[in-house]
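The values are calculated or read from the model by the stated rules, or taken from the named source; none is laboratory data. Only a predicted model underlies this, so the values are computations on that prediction, with no experimental measurement involved. Cβ atoms come from the backbone with ideal geometry, glycine included; neighbour counts cover every protein chain shown. All accessible areas refer to the heavy atoms of the entire protein, side chains included, with ligands and DNA or RNA removed. Shrake-Rupley method; radii C 1.70, N 1.55, O 1.52, S 1.80 Å.
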Amino acid sequence: MNTSEVNLKQLKQKIASQVRHPFLAKFIPEPVIDEDKLVILSSIMDHTTLSPVKKEQYVITTMLVQIALDTHDLVTLTDEDDEKETIRTRQLTVLAGDYYSGLYYYLLSQLNDIPMIRTLAGAIKEINELKMELYYKDVDSFQEFLLSLKKIESLLIQRVASYVQKTTINDMAGEWLLAKRLIDEKTSYQEGKFSPLIDRLVRKPESSGQVMISLEQMLQKHITRLEATVSQLPIHFNWLKSYIHTAIHHKFYEKHIVEEG
């Protein structure tokens, strides 16, 4: 299983077919498959001695875990005045997240892979604990907040990388997925949507303009660090390096030029 655009398309189709549920599709949007995380996972597996079946199964099951975590994040808090339709959508979203979680246990059970199940289950537990601390407890500093956010975004992939003994990718994964999250938070804020990161920033006595300046500075800092980290990857990760450089240019530099222009 060599990473390529064709292979990624096939993997996305297989993941989509796993999570597609006729009943849920009537009421809630189909889950988004994070292509960047899929690329990183595929690149990790490419350089292991695992069988093609296990490589593919590890990628698919890990992505199912990620989709389950992301789906549960979409659940809004209950309000007594909510309409029945809103309440039903919320309940179905919880159900969908649980459904996706169950799928990966089922797939791994077919491989009889208890150690991998433990790896993923441990990552899920740690990520959920980090989310509770991030959103419901006060952190000591904004840097601590960013560190927690970085762990939430990259911990699942890093645990899988450690399990298959390919940890050289861990630093890059952390920097890229944090930078990507910062870009997404900025976009959400600009579109008038809720952003936990921006919400954290605006607690400071700063104007909206200053918030965006602070976010731009953070983004530039992490993009610069990411570019340095990517350049240090071993030569056999050249396809991944090319993918990340293209993604940085498209998601950060091109958008930055458009916004300034």
Output ordering of 43-50, 155-162 (per-residue mean of other Cβ within 10 Å, highest first) is 155-162, 43-50
Here the range 143-155 yields Karplus 3J(HN,Hα) values (6.51, -1.76, 1.60; θ = phi - 60°; whole Hz; Gly and Pro given as x) of 5, 5, 4, 5, 5, 5, 4, 5, 5, 4, 6, 10, 4
Measure of exposure for Lys180: accessible area at 1.4 Å probe, Å² rounded to 10, is 30 Å²
Here FRET efficiency (C-beta to C-beta, Leu107 to Phe142, R₀ 35 Å, nearest 0.05) is 0.35
